[in-house]
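J.: This structure is in structure tokens; I'll ask about it shortly.
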Amino acid sequence: MDKPETKARIDPVMLGPDSRFNFKCHKEIKCFTRCCRDINIILTPYDIIQLKNRLQLSSEQFLALYTEPQILEKTDLPMVTMKFLEEEGSTTDTKACPFVRKEGCLVYTDRPTTCRYYPLGVANLSHKEDAEGDAVYFLVHEPHCLGFEEDTPWTVEQWREDQGVDLRDRINAEWTDLLVRKRSFPPNIKLTEQSKKMFFLVSYNIDKFKQFVFESSFLKRYEVDAATVEKIRNDEIALLQFGLKWLKGLLFKKEGVQGKTSP
Ligand code: SF4
Ligand code: SF4
């Protein structure tokens, strides 16, 4: 028997918020959960916070158990993807998401942003200062995905809202901006290993970053007002956003959290 075609076809038509497409994914469809195999899922900072809390793990435990380190193309920045595993009893060499089951996704309400966007992809992700993002979208046609044969109409904006990616994109906006800025640097401008370590810490290991802020001399070295200290002590999303602002200062020497001047 021929091996089924597995290569995704990226529709060359760029889509905007009002562009339309037909799609429906549901439990009765023949291809149900096929898309949770042999794909690359880049995890965003918010994805990791949601998933590690869902699984009641520390961010470090989540990283060790469920992710693989990678380097993001054209940025030289570290990133993490979901670690896919060989399926028990499978006779093929496909690898599956650790959360996929016959009945569907075990972590559905906390599934990553990439899973939510599908079948949309996002191109030229960038977020302008003080403005809504100017991402461009496209359709990813996996040969096995039958959702396109259904007749439920969407606009891109309706799909994003329905899947909860608008919220996630807002929370990850500073992070996306960091990636886009770094990608726009000439390749000969390199970040130090220490800067990359800090990028990893803030982006993916929020529990360790919290320790770094509250259990080192950090708060003596940076000007952080009392209300912010209180907020970031109790709210991981606020801590993430604070950390990303601080990183911006560290990596790009601007707009970040200010260091204290010597008396
Ligand atoms: S392959 Fe497409 S239609 Fe099938 S389960 Fe995945 S997203 Fe839904
Ligand atoms: S997280 Fe859920 S939706 Fe995403 S690939 Fe895994 S099983 Fe599928």
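The values are calculated or read from the model by the stated rules, or taken from the named source; none is laboratory data. Note that the coordinates shown come from a computational prediction; the quantities given were computed from them, not determined experimentally. A quick note on method: Cβ atoms are made from the backbone with ideal geometry, for glycine too, and the neighbour counts reach across all protein chains shown.
J.: Quick check on the stretch 187-194. Is at least one of its residues surrounded by fewer than 18 Cβ atoms within 10 Å (Cβ to Cβ), more than 14 Å from Phe252 (Cβ to Cβ) and not polar (S, T, N, Q)?
T.: yes
J.: When residues of the stretch 103-115 are filtered for being outside any loop (DSSP other than H, G, I, E, B) and either free of Cβ contacts under 8 Å to residues at least 40 places away in the same chain or more than 8 Å from ligand 2 (Cβ to nearest atom) (or both), how many remain?
T.: 4
J.: Do you know which residues across the stretch 157-187 are farther than 27 Å from Met198 by Cα and not in a loop (DSSP other than H, G, I, E, B)? It would help to see each step written out before you state the result.
T.: If we filter the stretch 157-187 for residues that are farther than 27 Å from Met198 by Cα, which is where we start, we get 157-164.
Listed by number, the residues that qualify are Glu157, Gln158, Trp159, Arg160, Glu161, Asp162, Gln163.
J.: Now for a different question. Write out, first by first residue and then by second, each pair whose Cβ atoms fall under 8 Å of each other, whose residues are 6+ apart or on separate chains, and whose first residue, in the stretch 184-208, is at pLDDT 90 or above while the second is hydroxyl-bearing (Ser, Thr, Tyr).
T.: Tyr204/Ser59; Tyr204/Thr67; Asn205/Ser59; Ile206/Ser59; Asp207/Ser58; Asp207/Ser59; Lys208/Ser59
J.: Check Tyr108 against each of (1) crowded, with 16+ Cβ neighbours inside 10 Å; (2) at pLDDT 95 or above; (3) among the aromatic types (Phe, Trp, Tyr) and name the one condition it does not meet.
T.: (1)
J.: Follow-up question, since we're still on this one. For the stretch 231-254, what are the residues that are under 21 Å from Asn53 (Cα atoms), in a helix (DSSP H, G or I) and without any contact (Cβ under 8 Å) to a residue 60 or more places away in the chain?
T.: Result: Lys231, Ile232, Arg233, Asn234, Ala238, Leu239, Phe242, Gly243.
J.: Take the stretch 20-63 and flag every residue that is in contact with a Lys or Arg (Cβ under 8 Å, 6 or more places away or on another chain) and part of a loop (DSSP other than H, G, I, E, B).
T.: Thr33, Asp38, Thr44, Ser58 - these are the residues of the stretch 20-63 that are in contact with a Lys or Arg (Cβ under 8 Å, 6 or more places away or on another chain) and part of a loop (DSSP other than H, G, I, E, B).
J.: If you take the residues of the stretch 51-61 that are crowded, with 21+ Cβ neighbours inside 10 Å and of a type outside the set (Lys, Arg), which of them is farthest from the chain's Cα centre (by Cα)?
T.: Only one residue fits best here, namely Ser59.
J.: So Trp154 fits all but one of (1) in the same structural domain as Gly16 (by TED's automatic domain parsing); (2) over 28 Å from Asn53 (Cα atoms); (3) modelled with pLDDT under 95; (4) not in a loop (DSSP other than H, G, I, E, B); what number is the exception?
T.: Unmet condition: (3).
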